[in-house]
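Structure, as structure tokens:
The values are calculated or read from the model by the stated rules, or taken from the named source; none is laboratory data. All values reported here derive from a predicted model rather than from experimental measurement. Backbone-built Cβ (ideal geometry, glycine too); neighbour counts: all protein chains shown. Accessible surface is based on the protein model in full, side chains and every heavy atom, while ligands, DNA and RNA are left aside. Shrake-Rupley method; radii C 1.70, N 1.55, O 1.52, S 1.80 Å.
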Amino acid sequence: MAYIEPADVSRWLATTGTYPLAVVSFCSSLPDPFPCPVIHLDLPQLDGPRQCEVWSSDQPVRFYGSGSFSAAISGDMLFGSISLAEESSGLERTTEIAYRDFLHQLRELGFPHLWRTWNYFSRINEEQNGLERYRRFCIGRYQALAEVLPDFPSSLPAGTAVGTRSGPLQIYFLAGAHPATHLGNPRQMDAYDYPKTYGPRSPSFARATLCRSDGATQLFISGTASVVGHQSQHRGQVDMQALETVANLRALLDRAECFQASIDSEAKLQSIFKVYVRNPEHLEAVRRALHDPLLLSSRLLYLQGDLCRKELLVEIEGLVTTD
């Protein structure tokens, strides 16, 4: 995965000799069509020239589409997306329908193992019929995954859920022909074990997923925030929340070392992160707080997005790769 300016995507694919799996744009138009899933998210970029998130493979790619589901398949992995306008019954039911649809498609295509999911929808912290929309999303996701996903909840993948300014429910995901290793964070309770104070159904995701594809070991890091145990930390202090988030990221990397010897202090790591900032005026404070050796050699993309808890001001997700 790489961040590329929209006008340069076609040239970059041609010069690198790779095949496109997906292109994700953030409030930017794409000058060229692409024969792969293309996801447009209403998430304003907060700094630098406009970027797209480009997923590619060095192996040939075949494409598949059915209704609102589209996918690019390369070797033992699949990149897919689905987008649904909310039904009159609300976000909960729309989420359940979307998850059931794409999980069925994945089984039919021979990629039943979820590796990573990204979930985006508007008004994430607003109430809908007496319950926060994020919590309604969690109910719909849980109902589909608990009934369809084998070995639930231990097979839950890394995940992100972020609020956009507008748009339908948009989900994109990576799945594999073989299972990956899903990790917890020693500093945090598993999200799927959260107490009922966080909603009728706990969030259904792992803290990270470790897998090997295209000859590389990849650690997919879920949306990570200033949460220790299950409780939010440093309310109202965006700099302290950013520092706590980095501590959680470090703990995940240490945890991954227990499972894969190739991710260690001597390995050559490549890392890329998305930083979601709730309030644009906090950008510089977050940037200063992230002046950390873990992130200094990484590629960072700062986006304005609403987060799953009203008190959380910053969230970071990432991909760490080693050959």
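In table form, for the structure just shown:
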{"item": "Cβ-based net charge around P186, under 9 Å, with every Lys or Arg adding one and every Asp or Glu removing one", "result": "+1"}
{"item": "For M189, residues with placed amide H under 5 Å, excluding near neighbours", "result": "G229, H230"}
{"item": "Heavy-atom accessible surface of the chain: percent carbon and sulfur, 1.4 Å", "result": "48"}
{"item": "Probe 1.4 Å, accessible area per residue of the chain, Å²", "result": "40"}
{"item": "Stokes-Einstein D for the stretch 123-234, Kirkwood Rh over Cα pairs, 25 °C, 0.890 mPa s (µm²/s)", "result": "161"}
{"item": "Amide proton proximity set for R123, modelled H, under 5 Å, gap of 5+", "result": "T164"}
{"item": "Coil-residue GluC sites (Glu not before Pro) of the stretch 96-131, DSSP, other Cβ within 10 Å capped at 13", "result": "E126"}
{"item": "Inter-site label distance for A85 and E108 at 7 Å from Cα along Cβ, in nm", "result": "2.3"}
